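Here's the structure we're looking at; comments come further down.
All of the numbers you see were taken from the coordinates with simple rules; none came from a lab. The structure presented is a predicted model; accordingly, all values stated were derived computationally and were not measured. Here the Cβ positions follow ideal geometry from the backbone for every residue, glycine too, while neighbour counts run over all protein chains shown.
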Amino acid sequence: MEYLKKLSYFITPYKRYGVLNVVCNVFYALFSTLAMVSLMPMINVLFGEGEKVYIKPVYEGLNGIKTYVQDIMNYFITTTTDAHGAQRALLYMIVLIISLFLLKNLFNYLALYFITFLRNGVLKDLRNAIYRKVTTLPISYYSEQKKGDIIARISGDVNEVKNSLLAVLELIIKEPLTILFAILAMFAISVKLTVFVFIFIPVAGLIISRIGKSLKRKSDRVQKEQGEFLSTLEETLSGLKVIKGFNAEDQFQKKFDASTQRFYRFSNILMNRQNLASPTSEFLGILTIAALLWYGGSMVLVEQTLSGGAFIGYMALAYQILTPAKAISKASYKVKAGNAAADRVLQILDTGSALEDKADATDKTEFSDRILLENIGFKYDDDPVLNDLSIGIKKGMTLALVGQSGSGKSTVANLIMRFYDVQEGRILIDGVDIRDMTKFSLRRLIGLVTQDSILFNDSVKNNILLGKPEATDDEIIEALKVANAWEFVKDLPQGINTNIGDAGNKLSGGQKQRLSIARAVIKNPPIMILDEATSALDTESERLVQQALENMMKNRTSIVIAHRLSTIQSADNIIVMQKGKIVEQGRHKELLAKTGTYKNLVEMQSFQ
């Protein structure tokens with residue numbers, strides 16, 4: 001029940017299927033018991049052991065229900081045998097048994113039919129919820145997590161939860177009811193024999209529970225290790241060029257082999273523990289049946305307090321308890337594995353985000369005055385990156401941030417985009433703290449072009465539409481022209497509908513960057529952030545991209561983070577950063593005249 005409580009949010013939309021499953025399982029358990037009980041009159045017909053009743057019995061209430069059912073059955077057999085012969089009575093008994101088994105299996109199918117919608121619905125909603133959470137959690141979360149482990153949770157762990165949902169309902173509804181109805185029928189046949197049987201059941205239950213005690217912990221180890229080797233696989237696919245370039249295939253192979261070896265060892269321990277459940281419960285069941293044969297046989301043969309038909313029917317009921325008992329032991333293991341998987345899934349879903357919008361956050365729709373960074377302080381873990389930094393950027397101005405790697409340039413961009421929150425000071429847009437705006441409205445005002453051209457395995461068109469989902473083909477083509485990208489897109493096999501491959505790898509670096517610019521252009525934001533947008537390009541590509549950037553930056557407020565200083569000569573203000581602080585600022589010519597840090601940076605790049 002605790003397991004179901006954990007997942008109640010996801011189960012509730014499909015609870016009607018759960019209710020229908022429970023109803024069908026009740027009928028399944030009832031007809032399972034009746035099917036076994038119906039063997040008794042058939043055997044009595046075969047061996048002529050049934051008591052002959054010639055007067056139709058009268059129903060006298062629940063207290064006499066057992067006697068009434070026996071007498072009405074014996075009355076039917078007696079009258080049918082006298083009128084049509086014993087073979088006709090046997091035929092009727094066979095038809096009754098077949099009907100009961102048919103109903104039993106029909107309700108079993110219906111129970112599985114309804115639970116399918118619940119299980120697959122929960123699977124779908126869990127995956128959707130995790131994906132939604134993955135996209136809303138702050139970027140800082142992923143610097144501490146392995147991508148492969150998150151992939152393992154959204155695939156393997158969620159699937160384990162789906163499988164265990166059926167096991168849970170078997171554990172608390174189907175199999176217990178089957179056992180309960182069988183036990184009630186056994187008590188109705190012989191209280192003495194049933195009490196004897198129950199001496200053995202607690203012993204068997206204790207042994208089985210001890211086998212499964214540590215299963216959740218072992219299952220958790222298996223799932224964690226799966227996340228480990230999926231992380232290695234994801235890193236390998238992302239960095240294949242580097243791995244091959246440094247002849248590091250063997251190193252990564254060893255790392256992957258070590259992880260799969262641990263997975264192999266943990267999985268063997270887990271599976272062997274699970275596999276022990278069925279033979280153990282079956283052997284304990286057979287021991288119970290053997291004791292039952294000895295004790296019940298003496299009641300039939302020696303004491304003669306039980307008929308042969310009743311004893312065989314009783315044995316069928318006792319054996320019927322074994323199957324659900326085994327199913328319960330297996331289901332309990334699945335539930336433990338599912339519980340471990342649910343914990344891993346819910347760990348992501350329950351992760352809080354420090355970047356959640358405030359309840360009264362404003363929805364800012366335009367930029368009219370300035371961006372102001374006031375006394376900003378920020379650090380990653382314990383490493384200070386920015387210290388008491390203040391910058392003002394007026395509307396329509398182009399600001400350039402330059403400095404050596406690690407000086408904090410890109411961190412400024414990340415803070416303005418609110419990928420992270422400042423730890424000291426504040427960032428204002430038109431006098432409003434960005435923490436008081438919705439993240440959606442803030443990012444709607446800003447276009448971003450990064451050093452790494454992040455494109456998706458889709459068409460040119462759909463990659464551009466991320467900037468403006470409702471854009472027409474004409475608008476897309478116009479944006480491509482502004483970004484100097486139309487010259488190569490028009491020659492692609494299917495034009496804007498051409499698929500560009502995984503991460504856009506069918507295109508060159510310069511082409512990918514120009515598509516990124518086109519995506520920012522079509523968004524048409526008032527503020528543009530260019531984070532080293534040309535640093536990874538060759539000279540020809542840089543020229544085309546730089547021209548595209550200049551086209552895009554017209555009449556916009558731009559923040560340019562530059563590695564190549566040749567790209568920011570015309571900036572209205574150039575800020576030189578060093579160890580998170582501003583050491584110089586001014587226009588290009590002014591800074592050169594100071595013969596300070598900026599001039600040294602220019603000379604190091606052999607720029608004249």
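Taking amide H atoms as placed 1.01 Å from N in the peptide plane, the amide H of Gly425 lies under 5 Å from those of Gly377, each 5 or more residues away in sequence or on another chain.
Converting phi to 3J(HN,Hα) with the Karplus coefficients 6.51, -1.76 and 1.60 and the offset θ = phi - 60°, region 385-392 yields 10, 10, 9, 6, 8, 10, 9, x Hz in sequence order, with x at every glycine or proline.
Taking only C-alpha pairs under 8 Å that are 6+ residues apart, what is the relative contact order of region 379-511 in percent? Don't skip to the answer; put the middle values down first.
Numbers: 84 pairs, mean separation 26.2, N = 133.
In percent, rounded to a whole number, it is 20.
Near the amide H of Gly403, within less than 5 Å, lie the amide hydrogens of Met577, all on another chain or at least 5 residues away, with H placed in the peptide plane. Among the listed pairs Lys5/Lys147; Lys481/Lys599; Lys481/Lys523; Lys56/Lys192; Lys523/Lys554; Lys439/Lys506, a Cα-Cα separation exceeding 26 Å is found for Lys5/Lys147; Lys481/Lys599; Lys56/Lys192; Lys439/Lys506.
Using the Cβ of Val158 as centre and a radius below 12 Å, the other residues enclosed give a net charge of +3, where K and R count +1 and D and E count -1.
3J(HN,Hα) along region 86-102: 5, 5, 5, 4, 5, 4, 4, 5, 5, 4, 4, 4, 4, 5, 5, 5, 4 Hz, from the Karplus curve 6.51 cos²θ - 1.76 cosθ + 1.60 with θ = phi - 60°, whole Hz, x for Gly and Pro. The gain in end-to-end length when the Lys192 to Arg443 segment is fully stretched comes to 82.7 nm, 0.36 nm per residue minus the alpha carbon separation. In sequence order, region 8-24 has phi-based couplings of 4, 4, 8, 7, 3, x, 10, 5, 4, 5, x, 5, 4, 4, 5, 4, 5 Hz under the Karplus curve 6.51 cos²θ - 1.76 cosθ + 1.60, θ = phi - 60°, and Gly or Pro positions carry x.
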